[in-house]
Amino acid sequence: MTLFDNPAFENHEGVHAFHDEATGLKTIIAVHSTTLGPAAGGCRMWPYESAEAALTDALRLSRAMSYKNAMAGLELGGGKSVIIGDSRKDKTPALFQAFGRAVERVGGRYWTAEDVGVSPADLEEARKETRYVAGLEGHAAASGDPSPVTAEGVFRGVRLCVERAYGRDLNGVTVAIQGVGHVGAYLAEKLHAAGARLIITDVNQAALDKVAAATGAEVVSPDAIFDAEAEVFAPCALGGAINADTLGRLKGRVVAGGANNQLASPQIGRALFDKGLLYAPDYVINGGGIINVAAEIRGLEAGTAFDQAWVDAKLDRLALTLGEVLDRAVAEGRPTHEIADEMARERIAAGAK
Ligand code: NAD
């Protein structure tokens, strides 16, 4: 397969490959679109089995960032970088400095941040060579942990979906949360405060104990969460929670949570729709995290401090956007994930005019 045959290529503006012999760095920086602003998306370090696998991942994730940033109403385009390597043994400060030089050569058309396998300490090294790095502490525009902001966006999205599907507020509604890590734990707190009943699961006992003690949640095994008697299923762990094995087991009418890539395939999104379930498209409802990062980029570009009011206004807007997706899905009788993709493409096209 050549670059142009790759189904994920889809009109990428630029794909940059760098090999730094001295440090062994092999990185691909994919810039899907800068129509709405500089491309922003994290850097992932992963032991890809081939350069082609790394390229496909970079392209896929980069396009996804264009859509996510557009739906979050940000003046940012979509991009992503991948470093081919094992984050447990191949990391050196020099490798991440070389990565920083690669980002610098893209000339400000791409801002990087953390993703799987890359830590703040790694980004500190990259920062020595480029200013286009978000997600670091120690400066006035620093945005800190995005999880509480992500959780706030997800909370508002769950509330909206319950209103639409059940015509009621969250008081007395049961929500099943899969994964009570950063986002799931904050979400549990907010739902509990709104009067919801919680059923939770995780593979991490300590996280479970903490959330159960704080919220009175019922704890079930990771597999039993799909059978929970709950109006809402909130995936907040890894991707692929909604698949051919789990879809038929869900008891409620709403799927709304913080995890990325909740649908195992677009076909499962169609099946979910055919069953009459309401799905909050993952990259729309979890856009709070990137809004937080965008506030940092905005501050760094303008030389100003982190602006919480700006973040709050964007979160308000995000809830309205989710409402628009749900409205259009009803009006057109189509699944929400298809509508969200379409709206993202429309927003990018409108930006180009
Ligand atoms: P996290 O690692 O803190 O939490 C994930 C939790 O899921 C962990 O407690 C883990 O033990 C648990 N888990 C893993 N496998 C599980 C399984 N099979 N069953 C039940 N629990 C399982 O990560 P996070 O930052 O809370 O992110 C959660 C999800 O939200 C991820 O998909 C992430 O990509 C997405 N997301 C996070 C943010 C953010 O701001 N942190 C923003 C957007 C999207």
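No value in this document is a laboratory result; all are computed from the given coordinates. These figures come from a predicted structure and were not determined experimentally. Here Cβ is always computed from backbone atoms with ideal geometry, including for glycine, and neighbour counts include all displayed protein chains.
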Legend entry - C-alpha long axis of helix 205-215 to longest principal axis of the chain, angle in °: 50
Inset, instruction - List the extent of the Cα atoms of the chain along each of their three principal axes, largest first, rounded to whole Å. - result: 58, 44, 42
Legend entry - Theoretical FRET efficiency, 1/(1+(r/R0)^6), r = Cβ-Cβ of Arg328 and Asn243, R0 22 Å, to 0.05: 0.30
Inset, instruction - Please go through the stretch 199-304 and write out the trypsin sites (Lys or Arg not before Pro) that DSSP classes as loop and that have at most 11 other C-beta atoms within 10 Å. - result: Lys275
Inset, instruction - For the chain, find the longest principal axis of its Cα atoms and tell me its angle to the long axis of helix 182-193, 0 to 90°, nearest 10. - result: 30
Inset, instruction - Could you work out how far apart the two model spin labels at Lys275 and Asp209 are, taking each label as a point 7 Å from the Cα in the direction of the beta carbon, and quote it in nm? - result: 3.4
Legend entry - Among Phe226, Thr174, Ala141 the positive-end extreme of the charge dipole of the stretch 124-234 (Cβ point charges): Ala141
Legend entry - Glu10 versus Arg168: modelled label distance in nm, points set 7 Å from Cα along the beta carbon direction: 3.8
Inset, instruction - Using a cut-off of 14 Å between beta-carbons, work out the net charge of the residues near Val106 (Lys and Arg +1, Asp and Glu -1, Val106 not included). - result: +2
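With n ≥ 4 as the cut-off for DSSP H runs, can you work out [θ] at 222 nm for the chain, using -39500 (n - 2.57) per run divided by the number of residues, rounded to the nearest 500?
-14000 deg cm²/dmol
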Legend entry - Qualifying GluC sites (Glu not before Pro) for the stretch 128-196 [loop in DSSP, other Cβ within 10 Å: at most 16]: Glu137
Inset, instruction - Using only Cα atoms, tell me the angle between helix 336-352 and the longest principal axis of the chain; keep it within 0 to 90° and round to the nearest 10. - result: 40
Inset, instruction - Using a Förster distance of 35 angstrom, determine the FRET efficiency expected from the C-beta separation of His19 and Asn260, and round it to 0.05. - result: 0.75
Inset, instruction - Excluding residues fewer than 8 places away in the same chain, name every one of the lysines whose C-alpha is closer than 21 Å to that of Lys89. - result: Lys26
Legend entry - Nearby lysines by direct alpha-carbon distance to Lys275 (threshold 28 angstrom, same-chain neighbours under 8 apart not counted): Lys68, Lys251
Legend entry - Spacing of the two label points (7 Å from each Cα toward its C-beta) at Glu52 and Glu124, in nm: 4.0
